[in-house]
Amino acid sequence: MQKSAAVSDRRQRLSELTYNRSGTAASYAGGRGVTSEFGLGSSRENCAPWDDHLELRTYIVEDNATIRENLIGTLEELAAVRALGWSDSEADAKRWLQSQEGAWDLAIIDLFLKQGSGIGVLEAVRARAVQQRVVVLTNYATADMRKRCAQLGADAVFDKSNEIDALVDYCLQLSELGRQRL
């Protein structure tokens with residue numbers, strides 16, 4: 001019981017830290033042949049992000065340290081995510097993601113970074129392996145931005161202010177797909 005209270009508290013703090021002034025509606029725009037709510041029933045449905053591991057090997061691109069730490073803690077606790085590392089700038093994120101080709105399953109990218117932007121990171125990983133997933137987690141999840149991210153190959157876009165639970169669910173679905181493939 002205490003663990004679920006701690007998880008709930010962490011989710012609440014993360015939501016409060018990422019309050020979005022725009023109040024945009026939630027939608028799960030995804031690119032690359034999306035047919036299901038989270039983009040998991042696409043032409044990539046038979047390409048689970050697992051070979052011989054059970055956790056989603058995840059790289060985080062987020063410049064706010066508090067948000068990043070809470071996000072990592074929440075996802076590791078709830079969604080079988082193992083954070084491999086993080087960066088707070090476009091250049092560092094591109095360098096790591098491109099140099100680690102098959103070493104990651106999921107990248108979570110914020111659009112506004114300390115230096116550069118998440119859009120540049122999306123462009124850099126557009127030609128990634130078919131089993132690798134990229135999602136955007138931003139306070140700027142307008143309809144136009146969701147569409148732009150989908151065009152650049154994002155598998156899903158989540159609003160930091162009100163879609164953290166949806167991101168957790170997305171990660172859980174990816175985890176389940178990986179377990180089914182083992």
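We did not get these values from a lab; they are worked out from the coordinates using the rules stated. All of these numbers come straight from a predicted model, not from anything done at the bench. All Cβ positions, even for glycine, are placed from backbone atoms using ideal geometry, and neighbour counts span all protein chains on display.
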Under a Cβ-Cβ cut-off of 13 Å, what is the net charge of the residues other than Glu101 that fall near it, where Lys and Arg count +1 and Asp and Glu count -1? +3
Convert each backbone phi in the stretch 92-98 into a coupling constant with the Karplus relation 6.51 cos²θ - 1.76 cosθ + 1.60 (shift: θ = phi - 60°), then list the ³J(HN,Hα) values in order as whole Hz, x for Gly and Pro. 5, 5, 4, 4, 5, 4, 6
Most exposed first, judged by fewest Cβ atoms within 10 angstrom, Thr142, Thr58 run Thr142, Thr58
So what's the Cα pair-distance distribution over the stretch 138-182, bin width 10 Å, in %? 27, 42, 25, 6
Quick check on the stretch 47-182: take the gyration tensor over C-alpha atoms, sort the square-rooted eigenvalues as a ≥ b ≥ c, and tell me if it's rounded (a/c under 1.5), prolate or oblate. rounded
Amide H of Gly85 versus every other amide H placed in the peptide plane: which residues, excluding those fewer than 5 positions away on the same chain, fall under 5 Å? Ile60
Peptide ranges 119-126, 64-71 listed from the most packed, as the mean C-beta count within 10 angstrom indicates: 119-126, 64-71
For the stretch 117-182 and the stretch 58-80, write down the distance between their C-alpha centroids in whole Å. 14 Å
Assertion target for Asp165, Asp63, Asp110, ordered by fewest C-beta neighbours within 10 angstrom first, is Asp165, Asp63, Asp110
